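> Here you go, one structure.
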Amino acid sequence: MRGDVADKLATLPPDEQRLLRPLVDTSPRFYLLAGALGLVVLWGMVAYSLQLRFGLGRTGLNRPEYWGIYIIDFVFFIGISHAGTLISAILRVSKAEWRRSITRSAEFITVLVLGFGAIQPVIDLGRPDRVLNVVLHGHLRSPLLWDVVSIGLYLTASTIYLYIPMIPDLAIIRDAGIKAPRLYRLLAIGYRDTSAQRARLERVIGVLAIMVIPIAVSVHTIIGWIFAMTLRPMWHSTIFGPYFVMGAIYSGIAAILVAMVVLRRAYGLEQYFKPIHFDYMGRLLLLFSLLWFYFTLAEYLTAFYGGEPAEMRTFWAKVAGPFAVPFWAMVVCCFVIPLVLMCRRRFRTPRGTLIAGLSVVVGMWLERFNIVVPTSVNPRWEMESLARYLPSWVELSILAATFAGFILLYMVATKFFPIVSIWEMKEGREQSVRDVAERVASYLPQPAASAAAAD
Amino acid sequence: MTQTRREFLWAAGAAAAGLAWYQAQEITWTAEQVAEAGWEPGIESRLASACLLCPARCGIRGRIVDGRLVGIFGNPLHPMNRGGVCPRGIAGVQALYHPERIRAPRLRTGARGAGGWQALSTEGAVALVAERLRGLRAGGRPDGVAVLAGYCDGTMHELWRQFLRAFGSPNYVADDYRDGIDAVMSLTHGISRRPAYDLERSGLVLSFGAPLFEAWWSPLQAYVAFGGSGGDRRDGSRPRFVQVDTRFSRTAARAQEWLGIRPGTYATLALGIAYVLIKEELFDADFVARHVTGYEDRLDAAGRPQEGYRSRVLRQYRTEEVSAVTGVPVERIVALAKAFAERRPAVAVIGAEVMQAPDGLLGGLAVHSLNVLMGSVNRPGGVLFPDDPPLEPLAAPVLDASARAGVARPPISGAAMPFGDGDPARRFAQAVAGAATPPEVLFIYYANPLASSADSGLWTRALSRIPFIVSCSPFLDETARYADLILPDALPYERWQDAPAPASYPYPTWGLTRPLVTPPPGAVHTGDALLALAQQLGGSVARSLPYASVEELLKARARGPFAARRGMTLGDEFERTHYRQMEERGWWLAEHTEFEAFWDDLVARGGWTDLFYDDTDPARLARTPDGRIDLMPPQLQGALDAAGSGPALYAYSAQPAGAPTPEFPLRLMPYRVSTLASGTLALEPWLAEQPTLFPDRHWVPWVEVHPATAERLGLEDGTMLWVRSSRGRYRARLKVFPGTAPEHVGAPYGLRHPDGELANPLQLLDGSADPLTGVPCWFTTFVRLEQA
Amino acid sequence: MTRWGMVIDLGRCTGCAACEVACKSENNIATVSPDQADLGRAFAWMKVMTHVEGEFPNTTMRFVPRPCMHCDNPPCVQVCPVGATYINDEGIVGQIYARCIGCRYCANACPYTVKYFNWLVPEWPETARAYLNPDVSVRPKGVIEKCTFCHHRLQKAREDAQALGRELREEDYQPACAEVCPTGAIVFGDLDNPRHRVHALKDDPRAMRLMEDLGTEPKVYYLTPRD
Ligand SMILES: Nc1nc2c(c(=O)[nH]1)N[C@H]1C(S)=C(S)[C@@H](COP(=O)(O)OP(=O)(O)OC[C@H]3O[C@@H](n4cnc5c(=O)[nH]c(N)nc54)[C@H](O)[C@@H]3O)O[C@H]1N2
Ligand SMILES: Nc1nc2c(c(=O)[nH]1)N[C@H]1C(S)=C(S)[C@@H](COP(=O)(O)OP(=O)(O)OC[C@H]3O[C@@H](n4cnc5c(=O)[nH]c(N)nc54)[C@H](O)[C@@H]3O)O[C@H]1N2
Ligand code: SF4
Ligand code: SF4
Ligand code: SF4
Ligand code: SF4
Ligand code: SF4
Ligand SMILES: [Mo]
């Protein structure tokens, strides 16, 4: 850290000092990790360039196993993206005060992961050079087009939803003058934190929070529908819309938990991510593990009960056939582990939630795998021979690069933007304590004396 | 820091630009390809010709665009295939434009087989051969030239023989893998000819192992009959196909009924059916009484009592015993016999594999005796003996003294077997590899013994003793690689040739091929080369072959049908029916009064046919001395008696040869895949991609094994294996298939690995043959499977 | 209305696969290398499907030649985001190769698995280009292709009929597979035209369609074998 910057930082209030330090102070470990991740990303780009040159034949895909890793990743990442916007919006709208320190990190996950999710189908295209045809020749009856529209909307909305609540913090950085003055002057768009500005900001945030919820719900519903609108066994199911939304939120919560634990350790944010946060998030995770189980049971039981031969081939392939390992691993990761850990208070700690969160992230990836692959290799027509699917190194490299790229960008983001909202913390301290006291009081029956006086 | 960041951005940008360029390149390449493929509509025609890729000789129509053959379709005017073709015929375009074609004559430079070649002109090549041949004649050894010809019929066959005769050599060696069925006909009917089967008009086709829908003499004839689109069946009924086979083949799968039987028991089953027919008096007693000898017991020439067919069958083929031997349930044997009697006219077809057994001739007689019992001979829907097309013979050969002396010398391959000439090529190779004086010059035409024979080692030794080998192959097959001179033939789509329908087809039919596209400049029609050679040799050889080209020769031969006052140039359904009906009433109406017009029409329509068969002609039933069909031919009886304790006619004998040993426990069952075009070429890609029956198998040769056998051996589907017999081994992939009998190995032949390695089960064969006909046995060899 | 359709008589089909190879020849269908074929990437717009039951000597096998069903209610067309697969007003489901983005959604939506994807740049070796059919474009990498009912033949047949000033007859427009089938198992024509054989055959008691319950309304009918 340069001396003058350190001096300037020292003049700031403690919250700001703590939260802005990562922007100007970078450890060698960070560079090392970033370098390693960068290499993985480069490697992935090499792999993709081969695929681009020679065609999707460089993957392990075939007929009728048309969709593989990329589509799994697509569903998975878009699912994770429900972390931020949806959760933070729900918490905001429901005025959950404990949200203040975690919304920013969650919203960042959303925006970044959404980008990485949205490029997956493009990576999966046979003709990425013609991707504009979707606009030029778009056919609205295709669920894929609905998807393009809803993801586009979602990306825009969540970027705005990330940006607007960040403006006051950007203004703080600008005013502190610790980093790239021109950049932050531009980003802060003249925000001076006047009360009129603040009021307008809060109103916009309020409206956005409400708007973004249906958009987010629609996004994953439509992704579910992409599968459900085909006639392939175990895709053609009405539960897919809600099932996908629920799963998305579930994986989102897990992703936030993981991010919180890591940020807390990396930037010493113990004061901001407190045990109570982990406890509350752990409870949410517990709730969703139960929901997950309910949805999964409903899905598989109806398929099993119907006993339609084509469905049953896929069903058994998952439950007791070649896909039994990923299937039961998914059940363990998405249900058993989080349930067992999160139902006890003493595991709803950073360490406990980290384990549960990672387990759910892995489990939800497996769930996407179990949706995409077993159906793909089991064609509906019994005369068609079964396919096999072994992802190629190209696919696995791109998979790795996607994860690495996301983590890298997230790391870089923490170097430019405070990962905990400074002004919201301030507001919490200055105003919410009073507001909440008043609000809580308003829930309660009035004391007899004052009630009489009011009469 | 900023520095590195900038560099990184620059590098990323450059990489992206590079990728874009790469991508764009691919797209332009594709566009170029489209343009090169001749996107603009061209000059297009569809011309009649014939397919020469298998003995069926179907009529085809080639679609030619701008001088390229872009598609092969059936010729709807051809009465045998009626517009249909098989996959192999369609894939002919891939043979025509095969990347491995030889496009110009080559002379060997280095050691034999080492692969050193030098190009030379066609004239130069012919002159070189002429010089060699002149030397032979000058040295008084005209018989020092020999011809090894593979499947070679029609005028090309006669051209080669005429050439050899005029030159003075008896050494025409057929490498055509005969099956000996003509011997069966010769013995019983006195007609030495492969029988024709009138499948179209038959009520029940009972095939004993004949792969009718795969690699039969004419699969298309069988398809048309099965589809019911041929013949004059006005009620829309179709023949019922019953397949008796050791293997679950495509024929077995598509026949209305399949009887899977034990190997080597065809004759037993046939006589078991005969037993029921006789016992229940279902056979045609009137026909037998009027036209058959040897049915009842009789006295032989020496006055000794001799058991007849009837007594032998009744004595030995009780249904339970037959069932125990063949593995076919009693009820099915009885039901089959009844169906054979009821659904008349019924016909029993002898498959080559009946003959390719140690007692093959006897097996063939047993199967054919069913046709005799039911009177299904010389009757619609039965066995017919049609005439050959009435072609003008070749000019009479002129033999000078030298030629007469040469022709009189004994042929190198020695004498034929007592009842047929099963494997002359093998005898030739044995003689040459052994003591006999080898020929000085050997022409190889349409044959590739180094790859296709059962003993490539023998052939290598034989060929190494021959000083000058000329191959006519348009492909660098194994034997061509071993030649001294390659004079590449034009492909069938580039040359004039005749294409007579195979013997299995009941109506004399003469198809024609004509050049649809021009051959590469260095390829020369072997027939034209031969005529040119004859001219260069001059004298009586030239006078024996006074034709400028094969086209002229064919035109000369067409004067036969023109003058025959029967038949018609190929025509549509209406014309066919019209001509047949006229001929049935004894009329005939000339389509053409001018020969030139007749010839033009013949070429335009693709050939000539005569769809009338005169079944009242007794000479078509039997040409034995007493004019009767003989079920107990005395010559054969005599030969069997002389041999002593061996098998007897219609006598049940346990499987004569071949039994599993602990070392080689599995029976090898070679079979020919229907897509096989030429056994020794790599398959055309379209065919390699879709071996029928197993749509999931591509390219790599496979062997079929029953699931229980595979499990016992601990082998999984898809494993690469060595198939090993005491004679050798080859590589193939395991296909677990429940239709294969347990402890058998179904082994398609003619396949190659993608790298060109041959997978030939025939080279594992034990080398045994039917002593009566010389036909090699293909189903007596045992193997084991080892993981490769 | 013209509705082109096909009737395949399974009682006549011998599984010879002439239709399969004729289709490859007619439609410039690329051949993939042996290891690509092993991966399940070989093309066959027409494919003779087989199904085996029972063990020696009681084995039976069914052969079902399978082109595109040209569904009247085609799920593949519904899902295509760019309209690169479409159904025309004569019921032929076609492909626009130049527009396809290669998402393979249609391939997943087709219950009959008749769509093929160009995983790699198709190889047309120098010598093989000679026999390409100039009426049919070759496909670039990355796009979907499938049976088109040989509709390039329809265009030609129309032009020819028009030039002769007469109506299009059944025999004028026959796809390659129907033309070569040696047993006459494939019958092609206008399902709505009483003068075409398919019109009556589609109502034969033996006629059925694949997975009729899905409501895709295929225009390829099968006649089940009689015995
Ligand atoms: N399509 C096509 N047709 C052709 C040819 C071609 O190249 N292509 N070539 C022609 C030529 S040259 C020939 S020689 C013929 C070959 O014609 P065939 O010899 O008739 O044909 P293969 O397929 O070799 O016949 C082998 C059959 O024998 C059966 N078999 C197996 N084991 C036994 C056993 O133990 N005993 C008996 N008796 N049978 C058994 C198998 O099931 C198999 O069906 O085909 C002719 N037809
Ligand atoms: N591996 C293997 N061995 C076999 C068989 C098999 O199918 N596979 N089948 C067995 C049987 S039944 C038989 S009949 C024999 C057949 O075996 P061969 O008589 O050797 O016949 P093919 O192998 O069919 O073809 C011989 C050669 O003819 C050449 N040829 C192809 N087209 C032309 C042409 O237009 N003109 C000329 N002049 N030459 C041409 C090719 O180079 C080919 O190698 O093989 C027997 N052995
Ligand atoms: S059956 Fe023989 S002659 Fe007929 S098309 Fe097939 S390969 Fe050619
Ligand atoms: S060409 Fe005809 S008989 Fe042969 S597989 Fe195709 S439909 Fe069946
Ligand atoms: S069969 Fe498949 S590809 Fe063909 S129209 Fe129907 S859904 Fe589309
Ligand atoms: S692969 Fe092509 S044709 Fe199929 S849905 Fe995608 S864009 Fe449409
Ligand atoms: S109709 Fe044409 S494109 Fe379709 S399967 Fe038949 S030949 Fe192929
Ligand atoms: Mo043969």
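> I'd like the FRET efficiency for B:Glu342 and C:Asp160, computed as 1/(1 + (r/R0)^6) with the beta carbon distance as r and R0 of 56 Å, rounded to 0.05.
0.70
> So who's got an amide H within less than 5 Å of the one on B:Val745, skipping anything under 5 residues away but keeping other chains? H placed 1.01 Å off N, in plane.
Amide H to amide H, under 5 Å and 5 or more residues apart or across chains, B:Val745 pairs with B:Arg667, B:Leu668, B:Met669.
> If you don't mind, another one. Positive end of the dipole of region B:196-384, charges at C-beta (+1 Lys, Arg; -1 Asp, Glu), about the Cα centre: which of B:Val205, B:Ala285, B:Gly303 has its Cα farthest in that direction?
In region B:196-384, that residue is B:Val205.
> For the ranges A:80-89, C:43-52, what's the packing order if you count other beta-carbon atoms within 10 Å of each residue, average per peptide, and put the highest first? Please report the intermediate quantities before stating the final value.
On the way: A:80-89: 28.4, C:43-52: 20.5.
With the highest mean Cβ count within 10 Å placed first, the list reads A:80-89, C:43-52.
> Could I ask something else about it? How are the C-alpha pair distances of region B:666-787 spread across 5 Å bins, as whole percents from the shortest bin up?
P(r) for region B:666-787, in whole percents per bin: 2, 12, 22, 24, 20, 13, 5, 2, 0.
> Can you tell me, using C-alpha contacts under 8 Å and at least 6 residues apart, the relative contact order of region B:559-604 as a whole percent?
44 percent
> Measure out, as a whole number of angstrom, how far apart the alpha-carbon centroids of region B:502-549 and region A:62-98 sit.
76 Å
> In region B:559-604, what percent of the accessible surface is made up of carbon and sulfur (1.4 Å probe, ligands and nucleic acids excluded)? Please report the intermediate quantities before stating the final value.
Values: 1380 of 2610 Å².
So the carbon and sulfur contribution to the accessible surface is 53 percent.
> Please compute one quarter of the surface area of the Cα convex hull for region B:405-509 and express it in square nanometres.
For region B:405-509, the mean projected area of the Cα convex hull comes to 9.3 nm².
> Could you run the numbers on buried accessible area between A and C, total for both chains, 1.4 angstrom probe, in Å² to the nearest 100?
Summing both sides, the interface buries roughly 3900 Å².
> Return the ratio Rg/(2.2 N^0.38 Å) for region B:559-604, where Rg is computed over Cα atoms only.
1.12
> Considering the dipole of chain A built from charges on the beta carbon (Lys and Arg +1, Asp and Glu -1) around the Cα centre, which of A:Ser158, A:Pro275, A:Thr26 is farthest to its positive end?
A:Thr26
> Is region B:44-96 best put as rounded, prolate or oblate by its Cα gyration tensor, with a ≥ b ≥ c the root eigenvalues, rounded for a/c under 1.5, and otherwise prolate when a/b is larger than b/c, oblate when not?
Details: a/c = 2.29, a/b = 1.34, b/c = 1.72.
Note, shape of region B:44-96 comes out oblate.
> While we're looking at this one, here's another question. From the phi of every residue in region B:423-431, what ³J(HN,Hα) in whole Hz does the Karplus formula 6.51 cos²θ - 1.76 cosθ + 1.60 yield, where θ is phi - 60° and glycine or proline is x?
9, x, 5, 5, 5, 4, 4, 4, 5
> Below 8 Å, C-alpha to C-alpha, sequence gap of six or more: please give me the relative contact order for chain B in percent.
17 percent
> So if I take the alpha carbon set of region A:1-62, get Rg, then get Rh from the Kirkwood formula, what is the Rg over Rh ratio?
On the Cα set of region A:1-62, Rg over Rh gives 1.38.
> Could you list which residues have their amide H under 5 Å from that of C:Val82, counting only those 5 or more apart in sequence or on another chain, with H placed in the peptide plane?
Sorted by chain and number, the residues that satisfy this are A:His139.
> Rank-order C:126-138, B:113-125 by packing density, defined as the average count of other C-beta atoms within 10 Å over each peptide's residues, highest first.
Ranking the peptides C:126-138, B:113-125 by packing returns C:126-138, B:113-125.
> For region B:196-384, what is the relative contact order in percent, using Cα pairs closer than 8 Å and at least 6 residues apart in sequence? Intermediate results must be reported in sequence, preceding the final value.
Values: 341 pairs, mean separation 59.8, N = 189.
Once divided by the residue count of region B:196-384, the mean separation gives 32 percent.
> From the alpha carbon gyration tensor of region B:443-501, can you work out the equivalent ellipsoid semi-axes (sqrt of 5 times each eigenvalue) and give them in Å, largest to smallest?
24, 14, 9
> Starting at the first residue of region A:310-323, write each ³J(HN,Hα) from the Karplus equation 6.51 cos²θ - 1.76 cosθ + 1.60 with θ = phi - 60°, in whole Hz, x for Gly and Pro.
4, 5, 5, 4, 5, 3, 5, 4, 7, 7, 9, x, x, 9
> What list of ³J(HN,Hα) values in whole Hz, one per residue of region C:101-115 in order, does the Karplus curve 6.51 cos²θ - 1.76 cosθ + 1.60 (θ = phi - 60°) give from phi, with Gly and Pro shown as x?
9, x, 7, 6, 5, 4, 5, 6, 7, 6, x, 9, 6, 9, 9
> Regarding region A:285-333, what whole-number volume in Å³ per residue does the convex hull of its Cα atoms give?
That works out to 58 Å³ per residue.
> Could you work out how far the C-alpha centroid of region B:237-285 sits from that of region A:16-41, in angstrom?
Answer, in whole Å: 83.
> Quick one: Cα convex hull volume of chain C, Å³ per residue? Can you show the working numbers first?
Numbers: hull volume 34.7 nm³, N = 227.
Per residue, the Cα convex hull of chain C comes to 153 Å³.
> Once the principal axes of the Cα atoms of chain A are found, what is the range along each, listed largest first in whole angstroms?
Principal-axis extents of chain A (Cα, largest first): 78, 61, 45 Å.
> Quick one: give the max-minus-min coordinate of the C-alpha atoms of region B:599-736 along each principal axis, largest first, in Å.
61, 60, 25
> Report in % the part of the accessible area of region B:666-787 that belongs to carbon and sulfur, leaving out ligands and nucleic acids; probe 1.4 Å.
Taking all protein chains in place, region B:666-787 shows 50 percent carbon and sulfur surface.
> For helix A:393-414, report the angle its Cα long axis makes with the longest principal axis of the Cα atoms of chain A; keep it between 0 and 90° and round to the nearest 10°.
10 degrees
> Excluding residues fewer than 8 places away in the same chain, name every one of the lysines whose C-alpha is closer than 22 Å to that of B:Lys735.
C:Lys47
> Given H placed on each backbone N at 1.01 Å, which residues far from B:Leu384 in sequence or on other chains put an amide H within less than 5 Å of it?
B:Ala196, B:Tyr197, B:Asp198, B:Asn378
> Please identify which residues in region A:189-204 have an amide N closer than 16 Å to a label point set 7 Å out from the Cα of A:Tyr163, following the Cα→Cβ vector.
In region A:189-204, the label zone of A:Tyr163 (backbone N under 16 Å from the point 7 Å along Cα→Cβ) covers A:189-191, A:201, A:204.
> In addition: Taking every pair of distinct Cα atoms and averaging 1/r, then inverting, what Kirkwood hydrodynamic radius in Å comes out for the protein assembly as shown? Walk me through the intermediate numbers first.
On the way: mean 1/r = 0.0270 Å⁻¹.
Hydrodynamic radius (Kirkwood, Cα only) of the protein assembly as shown equals 37.1 Å.
> Let me ask another. Would you be so kind as to identify which of B:Gly92, B:Pro79, B:Val65 lies farthest towards the positive end of the dipole of region B:44-96, taking Lys and Arg as +1 and Asp and Glu as -1 on Cβ and the Cα centre as origin?
Result: B:Pro79, furthest along the dipole toward the positive end.
> Provide the descending list of Cα extents for chain B along its principal axes, expressed in whole angstroms.
110, 75, 61
> Placing +1 at every Lys and Arg Cβ and -1 at every Asp and Glu Cβ, with all other atoms neutral, what dipole size does chain A have around its Cα centre, in debye to the nearest 20?
720 debye
> When the helix-only estimate is applied to chain B (DSSP H runs of n ≥ 4, each -39,500 (n - 2.57), divided by the residue count), what is the mean residue ellipticity at 222 nm, nearest 500 deg cm²/dmol?
Value at 222 nm, helices only, nearest 500: -10000 deg cm²/dmol.
> Keeping all protein chains in place, calculate the accessible area per residue for region B:559-604 (probe 1.4 angstrom), answer in Å².
Result: 57 Å² per residue.
> I need two numbers for region B:256-386: Rg to one decimal and Dmax as a whole number, Cα atoms only, in Å.
Spelled out, the Cα radius of gyration and Dmax of region B:256-386 are 14.6, 48 Å.
The values are calculated or read from the model by the stated rules, or taken from the named source; none is laboratory data. Small disclaimer: the values here were computed from a predicted structure and weren't measured. Note that we place each Cβ from the backbone using ideal geometry, even for glycine, and neighbour counts take in every protein chain shown. Side chains included, ligands, DNA and RNA excluded: accessible areas come from the protein's heavy atoms. Shrake-Rupley method; radii C 1.70, N 1.55, O 1.52, S 1.80 Å.
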